[in-house]
Amino acid sequence: MSSVDQFTSVFNAASKTAFQFSPPKLENILIVTDLESDAATRYTENAKTFFCKTTTSEWSTVNGEDFKTVKDLLELVESRKPDLIVTYRHLHSEAWRWPHSLGEHLDVLIQVTDTPVILTPHPDKEGIPEHTMKNTDSVMAINDHMAGEDALVNHATLLTMTGGTLHLTHIEDEAIFDRYMEIIGKIPEIDTETARETILAQLLREPSDYIDSTENVLSEKRDDLNIVKHITKGNQLKEYRRTIEENKVDLVVLKAHDEDQLAMSSTAYSLAVELRTTPLMIL
Amino acid sequence: MSEATNSKPVKKRHNPLHVTIAVIVVTITCCLMLQQGIEHKYVFGLLLAITLGMLALEKINKAILVLVGSGVALLLAISQGLLKQESHGDSAHALPVYIEMIDWGTIGIIIGSTIFVELISRSGLFAWISVKILKVSGGDPFKLLICFSGLTVVFSAFLNNVTAMIIVGSLTIVACKKLKLSAMPFLLAEGIYTNIGGLLTLISSIPNIIVGTAAGIKYTDFLIVAGPYCLIAFVATLYLVRYLFKIKPLSNEVEKAKAKVMVDAFDEWETVEDRTFFYLSALVLCAIILGFALHSSIPVLNQMGLEVIAIIGATVMLVIYPTDVEGVLNEVEWTLVLFFLGLFTLLGVMEHAGVLTMIGELLKTPLSAGETIGPIAMMWSSAFFSGLTDNIPLAAVLAKVLEGFQSNIAELDWFADYGHMLWWSLIFGAGLGGNFTPIGSASTVVAIGILKKEGHNVTFMQYVKIGAIVVLVQLTLATGYLFGAEKVGLIKKMNTEKASTEEVQGHGSNGH
């Protein structure tokens with residue numbers, strides 16, 4: 001312990017990211033459908049049932065006749081200025097039958113707007129689990145780098161019904177980790193085994209500490225919640241899917257915006273495309 | 001403990017051929033001069049000047065340079081019959097004359113303190129204290145300046161200045177990044193504060209150890225004189241730095257709350273791996289500090305030097321923490337140890353060759369110019385030269401010169417009148433002068449190195465513009481303080497007879 005680098009590492013490790021409770025206001029919720037009036041009303045009622053135990057907001061619905069193009073939809077959202085948009089994949093399209101994209105409307109809308117978007121299963125989708133769209137008893141927040149994601153956790157907290165379970169999940173990407181370890185294994189100056197153990201421990205420790213901090217804060221602000229942390233290393237998509245299914249998650253909250261790119265962040269996009277039977281909230 | 005000689009964080013490489021040629025040329029020149037009948041004091045004086053000049057240039061590793069210089073001096077002195085093996089018992093157990101020249105007390109303190117400081121660092125105690133202090137600041141920039149500066153002073157009073165700078169500087173970088181503040185004013189202030197902390201106790205810096213022990217100043221007496229000044233300089237420098245860098249406290253309650261949340265998120269226990277070791281280290285550190293403070297009142301130990309406290313502390317820590325003993329011992333500043341072995345030998349030869357007496361004669365005129373001018377001349381000139389080069393050889397040479405005056409005190413009325421002020425002037429001047437330039441003290445070099453790593457380049461002149469103001473203020477305060485302290489009786493005339501006796505008892509291994 002005699003160099004600046006050693007002490008800087010010690011202090012960096014001591015510098016934790018603390019969770020700050022700041023619940024968002026979701027007073028004005030906009031439901032966007034491509035359905036006709038009756039079907040749109042049914043969809044709206046379903047959505048209200050889903051969220052009734054967590055929000056007392058103003059609801060408004062957009063029918064299929066209200067917009068056709070992406071431009072129309074963007075203008076509509078801009079004029080209504082909602083706090084939350086509830087919709088589903090492949091608006092004005094039949095492509096929802098093929099699980100390979102979100103559809104042009106949502107691809108653009110999610111990136112252009114700062115308003116959180118909830119994607120529910122398509123109204124015509126079959127094989128949806130029993131618990132889906134009933135309530136928000138089990139909500140999961142997930143991120144590639146959980147530490148510091150206050151907005152994500154605050155939204156997930158708000159949407160978890162009283163007495164529900166809030167899952168905070170961080171899966172460290174095994175493929176990336178193994179790639180770095182492979183490179184470290186080729187550098188004689190770095191002890192590979194020590195690097196493997198210490199780097200993995202530190203990678204998992206940061207989200208763990210953040211979740212602990214979240215638990216401490218929420219024990220005061222939302223003591224009704226049961227908080228469960230899921231932190232591990234593995235194939236992100238597989239692990240997230242497994243955790244979501246095992247815990248019968250009603251709503252997954254994830255972050256899609258990546259400041260360094262115009263498209264959705266890769267993990268969020270993969271999950272948004274593939275998790276077609278679980279409602280997702282995309283920030 | 002401070003003023004390590006590793007003032008350059010970047011390793012320097014000298015050209016072996018150039019060094020060999022230089023050594024041969026210097027040796028031959030000295031031999032020829034001696035053959036020409038030139039007086040020893042001039043020839044050896046030239047050798048000392050060359051060695052100290054090369055030291056100031058910092059082109060060659062200091063330990064290598066001083067060992068080469070002392071080796072040449074030793075060989076020339078023996079060949080000229082200046083050094084004779086003194087007889088201590090049978091020849092098999094007689095100590096070579098150059099061994100007797102070395103101040104083993106200083107060497108013991110360096111080795112002992114490096115070991116216990118390294119082990120206490122490993123316990124996480126210093127980092128734990130640093131984070132606790134950071135939290136006290138609440139993240140407010142001005143309070144942060146007060147807390148980091150206070151921490152630097154305390155750490156540098158008990159640790160190596162460089163170690164203190166590394167610990168506080170590392171935390172400064174991390175905290176400033178988190179609080180989105182510029183680290184530059186804080187790091188430069190910390191570099192300045194290490195020199196204030198280095199003045200606090202007898203063992204806070206190597207010039208203090210060398211000059212203080214040579215003057216026969218006790219640990220507690222040193223603290224009583226230097227403590228109030230450090231407090232005055234602390235406050236004055238604080239406001240000076242605040243003014244120079246325009247550091248303002250947070251006025252907005254929201255910003256204050258935000259900053260507090262950020263610093264409160266630091267977990268001090270994250271720096272500690274083993275709590276048992278942590279608590280034991282804290283206990284040993286307290287015992288060591290008490291040991292230094294109460295050394296002169298502890299039976300048996302008071303018959304030995306302060307180094308015994310450092311070595312006992314190191315031994316206890318090694319017993320507590322038997323893991324990686326070799327790694328810990330490798331942390332001993334061997335460069336510094338070898339540098340001192342060479343320096344003490346070099347000065348020992350110079351003493352025998354009459355060089356120190358000659359320097360004393362040269363300095364006699366300004367130093368004996370009066371009870372006001374003498375101490376001022378000593379303080380300000382030693383500060384000036386300390387700002388330009390390493391203050392350790394300067395302090396060592398001047399301490400030897402003052403020792404020479406002290407041994408002739410019966411004939412030197414002026415030294416009997418205000419010799420005590422000259423000792424203190426040397427301590428203050430050598431201690432404070434390092435702030436003058438960015439190369440004046442090892443801790444400032446570290447601070448600027450950290451800033452450079454973080455992308456802030458501080459040029460020589462940029463630093464001098466700040467350092468010169470700080471040094472001027474601190475020296476003015478020190479000058480006024482020393483005369484004031486003498487008037488109120490804090491600084492007393494030394495009973496040289498008593499001081500010498502205590503010194504011999506207290507530093508049995510001291511070669512003075």
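None of the figures in this text is laboratory data; all of them are computed from the coordinates on show. These numbers come from a predicted model, not from an experiment. All Cβ positions, even for glycine, are placed from backbone atoms using ideal geometry, and neighbour counts span all protein chains on display.
Between the amide H of A:Leu84 and those of A:Asn28, A:Leu30, distances stay under 5 Å, these residues lying 5 or more places away or on another chain, with hydrogens modeled in the peptide plane. Shielding value for B:266-276 is 3, the average number of Cβ atoms from other chains within 10 Å of each residue's Cβ.
Helix B:496-506 and the longest principal axis of the C-alpha atoms of chain B enclose an angle of approximately 70°. From largest to smallest, the equivalent ellipsoid semi-axes obtained for region A:1-77 from the alpha-carbon gyration tensor read 48, 18, 10 Å. Taking other Cβ atoms within 10 Å as a rough exposure proxy, B:Thr152, A:Thr243 sort from fewest to most as A:Thr243, B:Thr152. Cα gyration tensor of chain B, axes a ≥ b ≥ c as square roots of the eigenvalues: rounded (a/c below 1.5), prolate (a/b > b/c) or oblate? Verdict is prolate for chain B.
Here, region B:180-272 is characterised by an Rg to Rh ratio of 1.13, where Rg is the alpha-carbon radius of gyration and Rh the Kirkwood radius. For B:Val261 and B:Gln303, a Förster radius of 51 Å and the Cβ-Cβ distance give a FRET efficiency of 0.40, rounded to the nearest 0.05.
Can you pull the percent of Cα pairs in region B:273-414 with separation above 19 Å?
On the way: 6885 of 10011 pairs.
Of all Cα-Cα distances in region B:273-414, 69 percent exceed 19 Å.
Annotation: the residues B:Ile427, B:Ile192, sorted from fewest to most other C-beta atoms within 10 Å of their own C-beta, follow the order B:Ile192, B:Ile427. Please work out the Kirkwood hydrodynamic radius for the protein assembly as shown, using every pair of different C-alpha atoms, and report it in angstroms with one decimal place. Taking every pair of different Cα atoms in the protein assembly as shown, averaging 1/r and inverting gives 31.0 Å.
What percent antiparallel are the DSSP beta bridges of region A:16-282, to the nearest 5? Of all bridge pairs located within region A:16-282, approximately 10 percent are antiparallel. Using a Debye calculation, one point per C-alpha and no hydration shell, please list log10 I(q)/I(0) for region A:16-282 at q = 0.10, 0.15 Å⁻¹ in order. Treating every Cα as an identical point scatterer, log10 I(q)/I(0) equals -0.53, -1.11. Straight Cα distances below 18 angstrom link B:Lys364 to the lysines B:Lys41, B:Lys400, with same-chain residues fewer than 8 positions distant left out. Which FRET efficiency value, to the nearest 0.05, do you get for B:Glu58 and A:Arg179 by plugging their Cβ-Cβ distance into 1/(1 + (r/R0)^6) with R0 = 56 Å? Once the sixth-power term is evaluated, E becomes 0.80.
Beta bridges per DSSP, both residues in the protein assembly as shown: antiparallel share near 10 percent.
Take the Cα of B:Phe142, step 7 Å toward its Cβ, do the same at B:Lys180, and the gap between the two points is 2.2 nm.
Just checking the listed ones, A:Gly103, A:Gly163, A:Gly185: in the Gaussian network model of chain A with Cα springs under 10 Å, the one fluctuating most is A:Gly185. Cα extents for region B:140-214 along the principal axes, largest to smallest and rounded to whole angstrom: 47, 18, 15. A DSSP coil position with no more than 16 other Cβ atoms inside 10 Å describes none of the chymotrypsin sites (Phe, Trp or Tyr not before Pro) in region A:78-178.
Applying a DSSP loop filter and a limit of 15 other Cβ atoms within 10 Å to the GluC sites (Glu not before Pro) in region A:69-164 leaves A:Glu94, A:Glu126, A:Glu130.
Report the one residue of A:Ser37, B:Asn302, B:Tyr279 whose Cα lies farthest in the direction of the positive end of the charge dipole of the protein assembly as shown (charges on C-beta: Lys and Arg +1, Asp and Glu -1; origin at the Cα centre). Of the listed residues, the answer is B:Asn302. The long axis of helix A:4-14 is offset from the longest Cα principal axis of chain A by roughly 40 degrees. For region B:115-267, the calculated P(r), taken from all Cα-Cα distances in 10 Å bins from zero up to the bin holding the longest distance, is 11, 38, 33, 14, 3, 0 percent. At 0.36 nm per residue, and after removing the present C-alpha to C-alpha distance, how many nm does the segment from A:Asp83 to A:Asp223 gain when stretched out fully? The span from A:Asp83 to A:Asp223 would gain 47.8 nm if fully extended.
Once the Cβ-Cβ distance between B:Gln462 and B:Trp334 is put in as r, and R0 is 41 Å, what FRET efficiency do you end up with, to the nearest 0.05? For B:Gln462 and B:Trp334, the calculated efficiency is 0.75. Look at A:Asp250, A:Asp224 and count the other Cβ atoms within 10 Å of each Cβ; fewest to most, that gives A:Asp224, A:Asp250. Note: relative contact order over chain A, using C-alpha pairs below 8 Å and six or more positions apart, is 24 percent. Semi-axis lengths, largest first, of the ellipsoid equivalent to region B:379-495 are 33, 15, 9 Å, with √(5λ) applied to each eigenvalue of the Cα gyration tensor. Phi angles across region A:36-51 convert, under the Karplus curve 6.51 cos²θ - 1.76 cosθ + 1.60 with θ = phi - 60°, into 3J(HN,Hα) values of 6, 3, 5, 5, 5, 5, 5, 4, 4, 5, 4, 5, 5, 4, 4, 9 Hz, Gly and Pro given as x. A simple spin-label model places the labels of A:His131 and B:Val25 8.6 nm from each other, with each point 7 Å out along Cα-to-Cβ. Here the label points at B:Ala236 and A:Glu274, each 7 Å from Cα along the C-beta direction, are separated by 6.9 nm in the simple model.
Around the Cα centre of region A:84-197, unit charges on the Cβ atoms of Lys, Arg, Asp and Glu (plus for the first two, minus for the last two) sum to a dipole of about 520 debye. Axis of helix B:442-453 versus longest Cα principal axis of chain B: the two differ by about 40°, to the nearest ten degrees.
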